[in-house]
Amino acid sequence: AMPDPALVAAGERVFRQCSSCHQIGEGAVHRVGPQLNGVVGRQVGQAEGFNYSPGVKKAAEEGMIWDHATLDAYLESPRAVIPKGRMSFQGLRSEEDREAVIAYLRNYN
Ligand code: HEM
């Protein structure tokens, strides 16, 4: 289904909190965090050439997928989902913000 353009626009604003560490879109490269093109619906830890934490690698081995539910939980509290992860982000407390930024990410699949 086509994402709601207003939601995607809101997600672009939320993504400002991510862009110190992540790039997305044409020409995106790894920075502190991996580039995020195609991440929605994919197995965790699959951006080629990025050196993930052991926590992400373990989750990948266990078959974890970045679907709406796992992304929502991770973006709310990264450490709750990947205990030994390396994403030093306080998390998005607002469910609306998480919904919007996930719609924004999905736009780059
Ligand atoms: C990993 C999203 C903010 C650093 C990830 C992953 C996602 C993500 C989806 C998993 C990527 C994969 O499995 O390929 C976001 C979003 C953010 C955000 C949407 C804002 C709401 C940040 C910030 C930082 C950061 C601010 C740096 C301070 C990282 C790092 C990883 C990561 C280092 C790899 C984690 C590991 O190997 O354990 N992020 N991120 N992220 N992110 Fe973020």
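Could you pull out every one of the helices (runs of 4 or more DSSP H) wholly within the chain that has 2 or more residues that are buried (at least 17 other Cβ atoms within 10 Å of the Cβ) and within 8 Å of the ligand (Cβ to nearest atom)? Step through it out loud before you land on a result.
On the way: elements: 5-14, 54-61, 68-76, 78-81, 95-106.
Those helices (runs of 4 or more DSSP H) span 54-61, 68-76, 95-106.
Hey, any hits in the range 40-54 for a residue that's touching a residue at least 40 places away in the same chain (Cβ under 8 Å) and under 23 Å from Ala9 (Cβ atoms)? Let's see the steps before the verdict.
First, the residues of the range 40-54 that are touching a residue at least 40 places away in the same chain (Cβ under 8 Å): 40-41.
Checking the rest, the ones that are also under 23 Å from Ala9 (Cβ atoms) come to 40-41.
Yes, because at least one residue in the range 40-54 is touching a residue at least 40 places away in the same chain (Cβ under 8 Å) and under 23 Å from Ala9 (Cβ atoms).
One line per residue, one yes/no per condition, for (1) among the hydrophobic types (A, V, I, L, M, F, W, C); (2) at positive phi:
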site	(1), (2)
Leu7	yes, no
Gly11	no, no
Gly27	no, yes
Gly38	no, yes
Gly49	no, yes
Ala60	yes, no
Ala69	yes, no
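Go through the range 14-27 and give me each residue that's without any contact (Cβ under 8 Å) to a residue 12 or more places away in the chain and of a type outside the set (S, T, N, Q).
Step one: filter the range 14-27 for residues without any contact (Cβ under 8 Å) to a residue 12 or more places away in the chain, giving 16, 19, 26-27.
Residues satisfying the conditions are Arg16, Glu26, Gly27.
Quick note: the coordinates plus some simple rules give every number you see, no bench work behind them. Source: prediction; values computed, not measured. So basically every Cβ, Gly included, is an ideal-geometry build from the backbone, and we count neighbours across all protein chains shown.
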